[in-house]
Amino acid sequence: MNSDMNRKTILDSLKTYAKRPRFRMKSRLRVPARGKRDLGALFESFSQAIVAAGGTAIMAENKEDALKRLKAILEELGIKTVVMSKDRWTRYLGLKSLVKASGIEILELKKDREQYKDACFTAHAGITGADYALADTGTIVITHSENNARLLSLAPETHIALVRKDRLFPDIDTMVVDIMKEGETMPSAISLITGPSLTADIALQPTYGMHGPKRVYVVFV
Amino acid sequence: MIPETHRFKELARENLLNTEQRKVLSQFAMILRALRDAGFASLPDEKAAMEKGREIRARTIESLPYLLERFEKNALKAGAKVVWAKDAAELNEFVLSLAREKGVNLCVKGKSMISEETDLRDELKAAGIETYETDLGEFIIQQAGRTPFHIVGPAINMTIDEVSRVFTDFLGIQKTDSPEELAMHARRFLREKFKNAGMGITGANMAVAETGSIILVENEGNIRYSTTTPRIHVALMSIEKVVPTMEDAAHMLKLLTRSCTGQKISEYVSIITGPRKQGETDGPDELYIVILDNGRTKIYQDRVLRGVLKCIRCGLCAAVCPIYTHIGGYAYGWVYSGPIGAVLNPLLLGLDKARDLFHATTLCGACRDYCPAGVDIPGIMLELRARMMDADRSLGASEPPRGLKGLYRLWTWVLLDVSRYKVASRLMRLASSLLARKGKIKSLPGRLSGWTTSRDAPVPAPRTFHELYSGPGQERRPS
């Protein structure tokens, strides 16, 4: 197969019958002013939407309250081992010491890929930060990086995401605007996550935890 | 899969007799329509949102090559590799030789209609590369040796019992009537595969020209795995999957998930831009984006027929179609089912091989009215019928039977003139009154018998609407 030749044949043929674009080839970047957002109402909407999708949202009053809530979730589910993202946000919250103090083992994420996979596939829960929360759909958005790997929010049965309250955006459009406006290169992967993994492929009956997590908690701080 | 589109009539008849399946279908149609309507009602302005989606798809297709160029440029910039394949054989050959070259012996696959179109899974299997469909529905039909019953729900027609039997055979589990238990068996089985696979193969719901990203929409998480654990990710797309900007993609996403399942958004949406970056522990080392033509550039040359390329594969047209909801997906005989399949299968396979598909329609227009991408399926069906009569060789239509062509000519001649039409309709009424018994025509002679094999034909009223409207004793025709 000659990909270059195919490319030329396909594009040349299409061009004979196409029109040059006379429309915007860039996303419009109109950001709603941050001050105007009503975080209370956005959280209300987020909470309703994520519950409908089978997840749970929690609004913590402050850092200490968030840690207390997190501890309660871990204890209630009887979680013994966790994997954690290394983003600034989870570090700031001091999650590591809290989790350790609760007698829960934090599986270390090695650079070696096989060991790293083992940890993620073994852990009972994955605790990660999230970059955005979208109020109208109950979605959290993780832009993956060195410090927030993809498997953490996928392989363990429980996923707990901690989100800064002011990262609550109304919808996907405003989020896209925010991501694009950074002007830097796009992250290699962005995951939009709305509640636990779901299937209805057998007799249209909904089942949670098909491949991804069975339980998703979003704690706002 | 080997096309069976030429067996449409036979398959449709067979499927119509399956009463269990018809029950499932009518339920499926009802539920999906309700979910869809609720999903769209949650938009601030449903009508405007539909209009905008159709406008995006229309201008995208109009400027397709330029958007593809931009997409490629930005995908390359992000570190992806872009490969152009002319046809199914080339795509398969590329993926196969890549797998061999990289020493891959286990593949996990997300749902991709393109891979169904090229039979990629069978090719990989034949080459000794273990390959698993990982979407639960696809996994079930792979193990059952069936073909997709619906674009979005490939196994929705199967009963719990049937699935259970497939799993007892393949996974060696105890029989169960709990869908959840069955799903968890598949989860456990596929988890091991996700962990060890060397290659992940997915489709692409959208390819964003502005950023070179591909967008993948799913509910289960199997696509996230397929793009996370393997060292190599191969994304398959056909040329029409591109959208201009991320802003447009966000809008199309809202319409896509609402039309698929009624969801405001699917559980997972992945926006993938290039392979993993340095320092990242997961994600593929290499991302290959394969762009497939497979006859689409030819369709593109035709202003009317190219409308089919606007389709975003939501599957809604099937759920609202009075034909699909009776005969189901198998009768369409190839990859695509429902109204979109009735036009796409003939265009991709050649009209002769699938001629019954675009004739089996009521032309009610529900598919067109519901379509978030603005595909005028009934219009395309009529166009295909005309091309069939014109023996359009470029579309794979051979010379129609002489008699039939003559008949259509005669019909056209009659319809083009009012007095000829009046005479003809009088003759028709005379003939039908001669054949009628107790107000019904029970059987028509010779080649016309097809009209009366499964139902009685009604006898036309003694006077036509025109005659009633302007005849004596009636209200005067308004001037």
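The values are calculated or read from the model by the stated rules, or taken from the named source; none is laboratory data. Keep in mind that what you see is a predicted model, and the values were worked out from it rather than measured. With ideal geometry, Cβ positions are generated from the backbone for all residues, glycine too; neighbour counts draw on all protein chains shown. All accessible areas refer to the heavy atoms of the entire protein, side chains included, with ligands and DNA or RNA removed. Shrake-Rupley method; radii C 1.70, N 1.55, O 1.52, S 1.80 Å.
The table below gives the values:
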read-out	value
Residues of region B:47-70 satisfying the condition of being within 11 Å of chain A (Cβ to nearest Cβ) and either assigned to a loop (DSSP other than H, G, I, E, B) or open to solvent by less than 10 Å² (accessible area, probe 1.4 Å) (or both)	B:56, B:60, B:61, B:63, B:64, B:65, B:67, B:68
Every residue from region B:1-34 that is open to solvent by 80 Å² or more (accessible area, probe 1.4 Å) and either within 14 Å of chain A (Cβ to nearest Cβ) or in a helix (DSSP H, G or I) (or both)	B:6, B:9, B:10, B:13, B:14, B:19, B:20, B:22, B:23, B:27, B:30, B:33
Selection within region B:190-212 - under 18 Å from residue A:115 (Cβ atoms) and either among the small types (Gly, Ala, Ser) or surrounded by fewer than 23 Cβ atoms within 10 Å (Cβ to Cβ) (or both)	B:191, B:192, B:195, B:196, B:197, B:198
Out of A:67, A:29, sole residue that is in a helix (DSSP H, G or I) and not hydroxyl-bearing (Ser, Thr, Tyr)	A:67
Number of the condition not met by residue B:423 [criteria: (1) modelled with pLDDT of 90 or more; (2) open to solvent by 100 Å² or more (accessible area, probe 1.4 Å)]	(2)
Filtered residues of region A:169-191 (kept if surrounded by fewer than 22 Cβ atoms within 10 Å (Cβ to Cβ), within 15 Å of residue A:140 (Cβ to Cβ) and more than 9 Å from chain B (Cβ to nearest Cβ))	A:170, A:174, A:178
Helices (runs of 4 or more DSSP H) enclosed by region B:252-360 - at least 2 residues per element that are within 10 Å of another protein chain (Cβ to nearest Cβ)	B:296-300
Of residues in region A:208-221 being of a type outside the set (Phe, Trp, Tyr) and open to solvent by 10 Å² or more (accessible area, probe 1.4 Å), the one farthest from residue B:191 (Cα to Cα)	A:221
Residue check for residue B:137: within 18 Å of residue B:261 (Cβ to Cβ), part of a helix (DSSP H, G or I), under 19 Å from the mean Cα position of the chain (by Cα) and within 14 Å of another protein chain (Cβ to nearest Cβ)	yes
Residue list for region B:134-188, restricted to those being within 25 Å of residue A:121 (Cα to Cα), open to solvent by 50 Å² or more (accessible area, probe 1.4 Å) and without any contact (Cβ under 8 Å) to a residue 24 or more places away in the chain	B:172, B:180, B:181, B:188
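Quick grid of which residues meet (1) outside any loop (DSSP other than H, G, I, E, B); (2) open to solvent by less than 30 Å² (accessible area, probe 1.4 Å); (3) without any contact (Cβ under 8 Å) to a residue 60 or more places away in the chain:
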| residue | (1), (2), (3) |
| --- | --- |
| A:86 | no, no, no |
| A:92 | yes, no, yes |
| A:97 | yes, no, yes |
| A:100 | yes, no, yes |
| A:109 | no, no, yes |
| A:115 | yes, no, yes |
| A:119 | yes, yes, yes |
| A:127 | yes, yes, yes |
